[in-house]
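The values are calculated or read from the model by the stated rules, or taken from the named source; none is laboratory data. Since the model is a prediction, treat every value here as computed from it, not as a measurement. Cβ placement follows ideal geometry from the backbone for every residue including glycine, while neighbour counts extend to all protein chains displayed. When the accessible area is computed, the model is the full protein with side chains, heavy atoms only, and any ligands, DNA or RNA have been set aside. Shrake-Rupley method; radii C 1.70, N 1.55, O 1.52, S 1.80 Å.
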Amino acid sequence: MSSLLRRLYQRLRLANRRRLYRRNASKATSYAHWLTSHDTLGEAQLDSLRARLELLQERPKISVLMPTFNPTREWFERAVDSVRRQLYPNWELCIADDASDRPWLTARLAELQQEDPRIRAVRREVNGHICAATNSALALATGDWIALLDHDDELREHALLLIAETACASPQAGMIYSDEDKLDELGQRCWPHFKPGWNYDLCLSNNYVCHLLAVKTVLVRQLGGMRPGFEGAQDHDLVLRVSEHLKPEQIRHIPQVLYHWRMHEQSTAKGGEIKPYAFEAGRRCVEDHLHRLGYAVRVETLASGRYRVHWTLPSPPPLVSILIPTRNQAGLLKTCLESLKAITDYPSYEILIIDNGSDAPDALALLEHWSRQPQVRVIRDDSPFNYSALNNRAARQAQGSVLVLMNNDIEILHSDWLHEMVSQACRPGVGAVGAKLLYPDRTVQHAGVVLGMSPDSPMGGVAGHAHRGIPGEAEGYMNRAAVAQRFSAVTAACLTILRSRFDAVGGFEEENLAVAFNDVDLCLRLEDIGLINVWTPFAMLVHHESVSRGKDKQPKNRERYLGERAYMLRRWGARLTM
């Protein structure tokens, strides 16, 4: 490389580092501001927590398991001190040294046991890696619960108090986890991970539970502790094995940051590529879990510790009825139908076009053409526009056991979109399945529905679309725009559901939700009968965004929209503000 090219290359690298630093500094500043406003424990907050401690009728013993191997002394001391500073007193710290070669550690472990009888330690004579070391720490535990702490991380002062409070408030709970953040190499808090309540499909996609994790000791011992061979993904493996023995309501989430994960060159907090073997271990633990449950699936490793479960279709694949309401807009419908027929590789489907009063010559000609095509039926319905009623009536005429509700402004991008959605919808316990929808400029329009968004949002305080506006290929917050997961609701612009489950809740609400929010209402009613709604990014389509019926902000639609919004707030108000 010439000296000129080398200098140009060095300048480019420097510019990239500066740009990355500014971006990270902006994020850190934003989080620092949030911490000051919402998550700083001053004396008043600490006094309140101490008062809560006094109110606890029971104080379960929590055994903190800390496997260690050649730790950095400063970070090890800070990890131990974070346990000793706990507001909650009924803990024990069980340290297993995995044959470290640092003499100071042996001496320090002896000192710690003398200083505090709640600290117990054992030295392994042969290095066995983190699963074996954690099991050695587990052998020391005498508590009701175990909690996991890495030897270079830190607990918040109130971490174990909140674990104990949650355990007492939910006596049937078997697993508890919290939010977390990271400590950079200067000790500054950064990169918070605010987590959802128990989200099984998200846990299949990556180990979002992570830290802080607490599990009933008896359950961990029944399962044999950590499984050797899953090093790097041992926590993920434990969470999935524990979940097999618990109901969803027995897995509790504490929506507070209770754990600081230290970023350094040897830690996966710095980046998953530090321990690439962990990715394969994670893939195997997900696949093993699903095989134990009887699912003949294949699990694929994506990037950054993410996984995709390839669910198996029933044999033979069920007939799918694709319902497409339309009125005029021949260009949109033509794109929808042509892309659907040309690209989709699913072997068994029919298309029901519900023509709601088209009168434009080009639309009528298009409908006449498609009415002569195999697998296509055109149903004329000239009743006043009511999206819910149109789909309900068409569903009663559909021949398939699977329904796909599709807007006429959808454009198909990939051949396997329907395979993905149907395989998800046929799973036990799944209600509606939603796709990843992009605007024509390939930014995200829909990546799942979040309830209770701001009244100023496009959906007026009822719900809103997750990750709206980010680039279509972006991973989103904590990779959540790139993995399959449970959502409270998904949009009916492209929604797949078993016909039996659609019928079980009576289909769409026709009387009160003619146009808006009928999909959210449907999904919430599916949840009420014990089903979950799943969003998948592996069915990705373009949505040209409701051109056919116009915008709700137009005066003629405003009154109707406000009435539908009011109905949703009356019916689901408590759910929307949870």
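Below, the figures for the structure above:
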read-out	value
Selected residue (criterion: farthest from the chain's Cα centre (by Cα)) from residues of the range 536-561 that are modelled with pLDDT of 75 or more and hydrophobic (A, V, I, L, M, F, W, C)	Val542
Hey, Ala132 within 32 Å of the chain's Cα centre (by Cα) and of a type in the set (A, V, I, L, M, F, W, C) or not	yes
Answer from Ala137, Ala107 - the residue that is among the small types (Gly, Ala, Ser), open to solvent by 50 Å² or more (accessible area, probe 1.4 Å) and assigned to a helix (DSSP H, G or I)	Ala107
Extreme residue, farthest from Gly469 (Cα to Cα), among residues of the range 415-439 that are open to solvent by 10 Å² or more (accessible area, probe 1.4 Å) and hydroxyl-bearing (Ser, Thr, Tyr)	Ser415
Failed criterion for Glu125 (all others in (1) open to solvent by 20 Å² or more (accessible area, probe 1.4 Å); (2) within 24 Å of Leu219 (Cα to Cα) hold)	(2)
Unique residue being aliphatic (A, V, I, L, M) and more than 23 Å from the chain's Cα centre (by Cα) when the list is Met226, Met175	Met226
Residue satisfying all of: in the range 31-50; among the hydrophobic types (A, V, I, L, M, F, W, C) and open to solvent by 50 Å² or more (accessible area, probe 1.4 Å); nearest to Glu157 (Cα to Cα) among these	Ala44
Long-range neighbours under 6 Å by Cβ, at least six apart or interchain, first residue within 23 Å of Ala574 (Cα to Cα) and of a type in the set (D, E, K, R) within the range 485-496, second open to solvent by 10 Å² or more (accessible area, probe 1.4 Å) and not in a loop (DSSP other than H, G, I, E, B)	Arg486/Ile532
All positions within the range 61-70 that are closer than 10 Å to His151 by Cα and crowded, with 19+ Cβ neighbours inside 10 Å	Leu65, Met66, Pro67, Thr68, Phe69
Residue match in the range 181-196 (condition: assigned to a helix (DSSP H, G or I) and open to solvent by less than 10 Å² (accessible area, probe 1.4 Å))	no
Selected residue (only one of Glu54, Glu58, Glu77 is under 30 Å from Asn135 (Cα atoms), open to solvent by 60 Å² or more (accessible area, probe 1.4 Å) and either aromatic (Phe, Trp, Tyr) or at pLDDT 60 or above (or both))	Glu58
Count - residues of the range 230-277 that are modelled with pLDDT under 95, in a loop (DSSP other than H, G, I, E, B) and surrounded by fewer than 14 Cβ atoms within 10 Å (Cβ to Cβ)	4
Residue satisfying condition, being touching an Asp or Glu at 6+ places or on another chain (Cβ under 7 Å) and open to solvent by less than 40 Å² (accessible area, probe 1.4 Å), within set Gly143, Gly174, Gly225	Gly143
Any strands (runs of 3 or more DSSP E) falling wholly within the range 444-514 and containing at least 1 residues that are open to solvent by 10 Å² or more (accessible area, probe 1.4 Å)	449-451, 463-465, 485-487, 494-498
